[in-house]
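Quick note: the coordinates plus some simple rules give every number you see, no bench work behind them. Bear in mind that the values here come from a model prediction, so they are computed numbers and not experimental data. Neighbour counts run over all protein chains shown; Cβ positions are idealised from the backbone, glycine included.
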Amino acid sequence: MSRALNRRVFLASSAAVASVASGLTLQSAAPARAATGTGTGTPRVPDIDVRKAAQQDPSEATLAEAVVLMRRGKLTSATLTEAYLERIQRYDATYQAYTEVTGDAALAAARKADKGQRAGAGTAAGGLLRGIPLCVKDNYFTKGVPTRCNSYIFEDFVPDQDATAVARLKAAGGIVLGKGQMGPLATTRATLPNGTVTTVNAWTPDNPAVDPGGSSTGPACSVAGRLASSSIGTQTGGSIVLPSNQQNLTGLKPTMGRVSVHGVIPLSFTRDHAGPLARDAMDAALMLQVMAGPDAQDPRTLGLPDVPDLVRAATPVVSRGGAVRVRRATRVGVPGDFLSAQKELRGAFLDKLDAISGITLVDITYPEDWTLLTATFNAARLAERTEPFRHWLRADPAKFGVSLLSWLQGLMLSGDEWITAQRAKNHLLREVLDTLMNRCDVLLQTGPVPFDILGLPEIGFPIGFDAGGVPVGAILGGQPYEEDRLLEVVAAYQAVTDWHTRRPADPAASSKLMRAETVRPRLSAEEVAAASA
Amino acid sequence: MESPYPSAEPEPITETPLSEPTAEQLDTYVRTRLTLAGFDLSLLPETFDAGTGVPTRAQVLTSLRSFVASTPGAISGWTPPADSPAYAQQASPPLIYPSITEAWTGKAGER
């Protein structure tokens, strides 16, 4: 262990001990490290240009645009919060993005934020997210607000504390607008616990059969449908990047340990990650900058590399002549099967990426055992969901509803098989880092699971629309604790494209009519087990 | 004095392929494992309950028989590539959190 690392571990441990000693176990809420914007080390939302559409309709604004508008006195948090609540009132019977809306508390917090606005919104001192309404996935503990994880198991659960990530967002000025609907126990797209589809894809509100992505379905729909500025979700098997891809968002699953999962209802301990589903790379950076950092309640967050300057990373580099270049020269790995689906869209995406100064595309070939280690071995996670749920499996298995099968499959794996899978993770890690990524800095993915297994970071972002008008996205994976590199690439791509600025049309039919007349599909227990995160 | 232990030079082990378990054997295994884990199959409905969507007893058994027949063997059949089992033992010790280990061993975040 290097001396530098020793010091890093020591400092993280000291901070953790200090926070426990002071009773601030869940309130270590300052952003983990100063972000850029001023060059002085003080976190600050950069003074970006605000699009005309955002000036005219606050619900259209990105998180960063909303902060800038507030800073300039052109928008109040109360106005923004009311705009979202009005849209929730009008459209959420169709979208079903929220399972709980905390409108009164949100408005009260917004008015309080407006009073303190002069203290300096968009800075660490004033609250980087001051007055920004957020949707929180319903598997994060929220103090005094039901946290049901969309399951009969937690139907009466009201936590007495916030999850660390929620506490950090609130301490930075974020306002919880409500709880986002999700796949039952974080398994699939959002359904009722009995499998009946609830949340739709915001791009196809009239057709619940279109996949909205899961399991962070509600958080994704809330941002895509302009019912919140930004949102947080969790990912065990693609649950941040997939709904982001399906609903034209930028979702960032950080490296394991980057964000505390204390206060998040577990699905698979070794693979549960917390992260943002946002409107673009800058918004994702702002959210993660606040969420990330050590937490004494989650030892997995201790002794890790510093949180990089994510806001700087998400700020595109544009020359005076308007040419965009990536912040650091970056080799983007393209696996051999990348064009096996969405060939035309992905091909155009690669062309656009390749044209950005500083980007080099590199062909990557998977090792022979790739499918075995990333697909077959994916099942090893199931034992991890069984163990923390033993009580309910024994007492009343019907409470698992349609999701029960994968919890029972976990019982069928033995300890030695689970150990084999952990050894395979070591082997796979070396293949990825020493064989694949020694030729590239970031690696395009054709599915989220390999990097979920390894706890490596990945970001989902929009690259176009299919023939049916449904968004199509790409997933980019990175080296451990290099979320900044992912943001640099996506920020450069978003500086030369406008997919991320497109919004879906509002639902046409009256919400009550939609709810009554639209037939909602239903997932079977077998389908849920096969699709489970 | 004759040693009570076997020879230091063990006989080579010849692995003969086992026959596939029958459906009846799989069923017995699944039921026994559920019972040992404290899971009471009789708490599930015999016919589909639309209210909860919970799978029936028959659905559970069918699913678990299929899982047991396919997945554990596929996992346990893997060993790290090595010249012999003795060297395979030494390869790829288990990493529960690979990314975190990469940081704790000083290999991450320094690029």
Revision key, fill the gap. With Rg from the Cα atoms and Rh as the Kirkwood inverse mean 1/r over Cα pairs, the protein assembly as shown has an Rg/Rh of 0.98
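Take the Cβ-Cβ distance between A:Glu387 and A:Ile419 as r, set R0 to 25 Å, and report the resulting FRET efficiency rounded to the nearest 0.05.
0.95
With an 8 Å cut-off on Cα pairs and a minimum separation of 6 or more residues, tell me the relative contact order of segment A:197-351 in percent. Mind dumping the intermediate values first?
On the way: 256 pairs, mean separation 25.0, N = 155.
Computed value for segment A:197-351: 16 percent relative contact order.
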Study note, to complete from the structure: Between A:Val158 and A:Gln55, Cβ-based FRET efficiency (R0 41 Å, step 0.05) works out to 0.55
**Study point:** Semi-axes of the equivalent ellipsoid for segment B:55-111, Cα gyration tensor, largest first, Å
**Key:** 36, 20, 7
**Study point:** Charge sum, other residues only, whose C-beta stays under 10 Å from A:Val332's C-beta, Lys/Arg counted +1 and Asp/Glu -1
**Key:** -1
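Please report, ordered by residue number, every helix of chain A (full DSSP H runs) that is 24 Å or longer along its axis going by C-alpha atoms and whose mean Kyte-Doolittle hydropathy reaches 0.0.
Helices meeting the span and hydropathy rule in chain A are A:3-21.
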Check your understanding: With the contact rule set at Cα under 8 Å and sequence spacing of 6 or more, what percent relative contact order holds for segment A:59-531?
Key -> 18 percent
Revision key, fill the gap. Under the helix-only model (-39500 (n - 2.57) for each DSSP H run of 4 or more, divided by the residues of chain A), the mean residue ellipticity at 222 nm, to 500 deg cm²/dmol, is -10000 deg cm²/dmol
Exercise for review: Could you line up A:Val145, A:Val241 from fewest to most neighbouring Cβ atoms inside 10 Å?
Suggested key: A:Val145, A:Val241
Revision key, fill the gap. If each K or R counts +1 and each D or E counts -1, the residues other than B:Ile100 whose Cβ falls under 12 Å of its Cβ total +2
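Rank these for me by crowding, A:Ser229, A:Ser414, A:Ser260, A:Ser222, going from fewest to most other beta carbons within 10 Å.
In increasing order of surrounding Cβ atoms, one gets A:Ser414, A:Ser260, A:Ser229, A:Ser222.
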Practice item. Scan around A:Val472 for amide H atoms under 5 Å from its own, H built in the peptide plane at 1.01 Å from N, and keep only partners 5 or more places away or cross-chain. Key: A:Ile463, A:Gly464, A:Phe465, A:Asp466
Point to revise | Rel. contact order, % - alpha carbon contacts under 8 angstrom, at least six apart, segment A:131-210 | key: 28 percent
Practice item. Using only C-alpha positions, report the orientation-averaged shadow area of the convex hull of segment A:309-452, nm², one decimal. Key: 12.6 nm²
Point to revise | Two-site label geometry, A:Ala209 and B:Ser84: point separation in nm, points 7 Å out along Cα→Cβ | key: 6.1 nm
Review point. How large is the dipole of segment A:59-531 about the Cα centre if only Lys and Arg carry +1 and Asp and Glu carry -1, each at its Cβ, rounded to the nearest 20 debye?
Key: 1280 debye
Review point. Along the Cα-to-C-beta direction of A:Ser524, a point sits 7 Å from the Cα; which residues of segment B:38-68 have their amide N less than 20 Å from that point?
Key: B:44-68
Check your understanding: Most exposed first by the Cβ proxy, i.e. fewest other Cβ within 10 Å, how do A:Ile132, A:Ile88 rank?
Key -> A:Ile88, A:Ile132
Revision key, fill the gap. The local net charge around B:Leu34, scoring Lys/Arg +1 and Asp/Glu -1 for residues other than B:Leu34 whose Cβ lies under 13 Å from its Cβ, equals +4
